[in-house]
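One structure below.
The values are calculated or read from the model by the stated rules, or taken from the named source; none is laboratory data. Bear in mind that the values here come from a model prediction, so they are computed numbers and not experimental data. Cβ: placed from backbone, ideal geometry, glycine included. Neighbour counts: every protein chain shown. These accessible areas exclude ligands, DNA and RNA; they are computed on the full protein's heavy atoms, side chains included. Shrake-Rupley method; radii C 1.70, N 1.55, O 1.52, S 1.80 Å.
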2 protein chains.
Amino acid sequence: MVVQEASSGQVLMLAWMDAEALRRTLATRRATYWSRSRQTYWVKGETSGHGQTVRQVRLDCDGDTVLLTVDQTGPACHSGAETCFDLHPPLWDEAAEPAVAR
Amino acid sequence: MVVQEASSGQVLMLAWMDAEALRRTLATRRATYWSRSRQTYWVKGETSGHGQTVRQVRLDCDGDTVLLTVDQTGPACHSGAETCFDLHPPLWDEAAEPAVAR
């Protein structure tokens, strides 16, 4: 599933949910994921304080992907970056291409 | 990987890429994915005309997830919905909750 910040529209991170993680997320409004490496549920921000309050939950067309819209407290990424896609410079960016005659 | 529309910030869809799909995407600037069910590469819009011109490519903190920023032509979803998360009503929406004293 994918997490998007409500106010900025930024894509914050991707994570895994199973049915129980989704149930917990809906029941508590605190984004709760399934850690495949640790084989356990984790509430985002439980240790870091950088939690996510859920504002909207959507399923995709074939019902196997969740889009969470959240209010993010603090940085979303464990690295301290604002989002998990902000830690590294873009792999490619149109805006950084040299301007050429088209 | 996740695909976001450049102008609106909407999350359009999730799909799968392997290294070759990413290479093709970067080489052509046309979003190209790996179909797990069909075990083949597919260029988004090749049959529907609803393609994605890539404007930016980002990797997440641990380098295993791609965020594509694209210009989407036509609806992103094969269902005809604008995005794959627009076909169904929200599973839960804060805005639709009855207003209660807090």
- Task: Sort the protein assembly as shown into rounded, prolate or oblate with this rule: let a ≥ b ≥ c be the square roots of the eigenvalues of the Cα gyration tensor; rounded if a/c is under 1.5, and if a/c is not under 1.5, prolate when a/b is larger than b/c, oblate otherwise.
- Result: prolate
- Task: Decide, for the range B:1-92, between rounded, prolate and oblate: order the square roots of the alpha carbon gyration tensor eigenvalues as a ≥ b ≥ c, take rounded if a/c falls under 1.5, and otherwise choose prolate if a/b is larger than b/c, else oblate.
- Result: rounded
- Item | Estimated FRET transfer efficiency when R0 is 22 angstrom, pair B:Gln39-A:Asp18 (beta carbons, to 0.05) | 0.30
- Task: Kindly report the accessible area of chain A per residue (heavy atoms of protein chains, probe 1.4 Å, no ligands, DNA or RNA), in Å².
- Result: 54
- Query: Hey, any idea what % of the protein assembly as shown's accessible area is carbon plus sulfur with a 1.4 Å probe?
  - Reply: 50
- Task: Taking the dipole about the Cα centre of chain A, with the C-beta of Lys and Arg at +1 and of Asp and Glu at -1, give me whichever of A:Gly63, A:Thr47, A:Pro90 is farthest to the positive side.
- Result: A:Thr47
- So how much accessible surface do A and B hide from each other in total, probe 1.4 Å, in square angstrom to the nearest 100? 3100
- Query: So how do B:Ser7, B:Ser48 rank on accessible area, 1.4 Å probe, biggest first, that is with the largest at the start?
  - Reply: B:Ser7, B:Ser48
- Query: What are the nm distances, shortest first, from A:Arg23 to its equivalents in the other copies, labels at 7 Å along Cα→Cβ?
  - Reply: 4.5
- chain A, dipole about Cα centre (Lys/Arg Cβ +1, Asp/Glu Cβ -1), debye to the nearest 20: 480
